[in-house]
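Worksheet: the structure to be examined is printed underneath.
Any read-out appearing in this document is the output of simple, stated calculations on the displayed coordinates, not a laboratory observation. Nothing here was measured: the structure is a model prediction, and the numbers come from that model. Neighbour counts are summed over all protein chains in view; Cβ atoms, including those assigned to glycine, are modelled from backbone coordinates with ideal geometry.
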Amino acid sequence: MARALSSGVLLLLLLSSCSAEPPRPPEKQDIQLRLQLNWFHDPTFAGEYRAAQDIGDGLTILEGGVNISPLQRLRAGLADVVVVGIDIALQGMETDLSSGSPTDLRILYADFQRNPVGWIVHPDVAAHLGLADPMNGPGRQRNDWLFRQLSVGAIHMGDKRGTETTAVWASWRQARRLQGVKVTPVGFDPTIVLDAPRLAYPVYMNEEPFKLSEKIGRPVVVFDPADDGVVLYGNVIVTTGPILRSKGPQITQFLSTLSSAWHWVKQNPGSAAALVKRFYPDVSDSVINLQVRRTADFVFFGTETPGVIAGEPGGRLEQTILALQSAGSLGKLVTLAAIRDAIVPVPGGPQ
């Protein structure tokens, strides 16, 4: 996969997709924003791709990658808005607060209403350990089975140490009141699952399970922490205070367009998959279709309004902060009170 698309190439791709679309409203031509993604192109950004198609050359999408820090690019003036995991956004705020100054970061939009981290097991392992019909029945029953295997050491729990995975696992373990389970550190290559280890491997549920299932020829068994009530935020859209002051109207227009784009993705998953395919060419059409549908589940989890940030005491933002702190991924400086001014649902965007 190409590691980056220049704005010119991106524009050609978007224009080539517009032959069957209605004309773009002229007022959307003047947005002129640079959007930095936090990873390589994939279905996670289906809404952003549609927003870019609607806006035209006013929005430049910059691909992320292994050595790209969206927050660094934001602060260096190389991007205007960025997509990052909420753990990264809050860690950036913590760095600012540790210097004794208020943070200049601003969280504008919850792109994923819930974190997509879950765990998978190879179907052969599940069958060997006696999990019958793993894809049928309530997800909580699958989780019951997994935690029984963890408690007796039949399966080991994998964790990408120091990442959002750690926070999700810490919250899940607490919800299940599980003690004494040894965690196995794992890397970022999910293809180790193909070797059928007795390991629950952490994945983004809107991506890897579908690709691995296609390679195996049978569905991997997915264990979802949300079935036990673990619901933390995932990706958020961030800018800085100075950029928001200078480009507030453009950012407002972008987020409004993005919300409309996510509704379009949810209502037209096949067309959305075809759009994603232009950025994500090396994956089969059937897998992309499944990934896009699952992505919409995370965008619209518990709401009909994309982007909403629940910043009230006891809300999902505070739950996420406390989970990250419990996992050791975030310090105690970050509290709702300390970052109150950094949560800015922009006018015209989701409230």
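Taking label points 7 Å from Cα along the Cα-to-Cβ direction, ASP57 and LEU129 give a separation of 5.6 nm. Multiplying the residue separation of THR305 and SER286 by 0.36 nm and subtracting their alpha-carbon distance yields 4.1 nm.
Taking amide H atoms as placed 1.01 Å from N in the peptide plane, the amide H of ILE155 lies under 5 Å from those of LEU150, each 5 or more residues away in sequence or on another chain. A simple count of charges around LYS160, restricted to other residues whose Cβ falls under 12 Å of its Cβ and scoring Lys, Arg +1 and Asp, Glu -1, yields -3. Between amide H atoms placed 1.01 Å from N, distances below 5 Å from ARG106 occur with THR239, THR240, GLY241, all of them 5 or more places distant or on a separate chain.
Distant-in-sequence amide contacts of GLY307, defined by a placed amide H-H separation under 5 Å and a gap of 5 or more residues or a different chain, comprise ALA110.
Per-peptide packing, taken as the mean over residues of other Cβ atoms within 10 Å, places 189-200, 45-56 in the sequence 45-56, 189-200 from highest down. Counting every other Cβ atom within 10 Å of each residue's Cβ, SER101, SER213 order from fewest to most as SER101, SER213. Ranked for footprinting exposure by Cβ neighbours inside 10 Å, fewest first, SER69, SER98, SER259 give SER98, SER69, SER259. Springs between Cα atoms under 10 Å define the GNM used for the chain, and in it the highest mean-square fluctuation of ILE251, ILE31, ILE237 occurs at ILE31. One decimal place: the segment SER99-ALA76 gains 6.4 nm when fully extended, by the rule 0.36 nm per residue minus the C-alpha distance. Summing Lys and Arg as +1 and Asp and Glu as -1 over all other residues whose Cβ lies under 9 Å from the Cβ of LEU33 gives a net charge of +1. For LYS215, a cut-off of 13 angstrom between C-alpha atoms picks up these aspartates and glutamates, skipping any fewer than 8 places away in its own chain: ASP195. Among GLY180, GLY314, GLY77, the largest mean-square fluctuation in a Gaussian network model of the chain (Cα springs under 10 Å) belongs to GLY180.
Taking 30 Å as the straight-line reach from the Cα of LYS332, the lysines in range (excluding those fewer than 8 positions away in the same chain) are LYS160, LYS182.
A DSSP coil position with no more than 13 other Cβ atoms inside 10 Å describes the following chymotrypsin sites (Phe, Trp or Tyr not before Pro) in region 142-190: PHE188.
Cβ-Cβ distance of LEU178 and LYS332, R₀ of 25 Å, FRET efficiency by 1/(1 + (r/R0)^6): the value works out to about 0.50. What is the local net charge at LEU212, summed over the other residues whose Cβ is closer than 14 Å to its Cβ (Lys, Arg +1; Asp, Glu -1)? It works out to a net charge of -2.
Among beta bridges from DSSP that stay inside the chain, the antiparallel ones total about 60%. In region 198-351, the alpha-carbon atoms span a convex hull of 155 Å³ per residue. Show log10 I(q)/I(0) for the chain at q = 0.07, 0.12 Å⁻¹, two decimals, from a solvent-free Debye sum over equal Cα scatterers. Values, matching the q order: -0.30, -0.88. Rounded to the nearest 20 debye, the dipole size of the chain about its Cα centre is 420 debye, using +1 on the Cβ of Lys and Arg and -1 on the Cβ of Asp and Glu.
Could you give me D for region 131-228, from Stokes-Einstein at 37 °C and 0.692 mPa s, where the hydrodynamic radius is the Kirkwood radius over C-alpha pairs? Units µm² s⁻¹, please. Answer from the Stokes-Einstein relation: 234 µm²/s.
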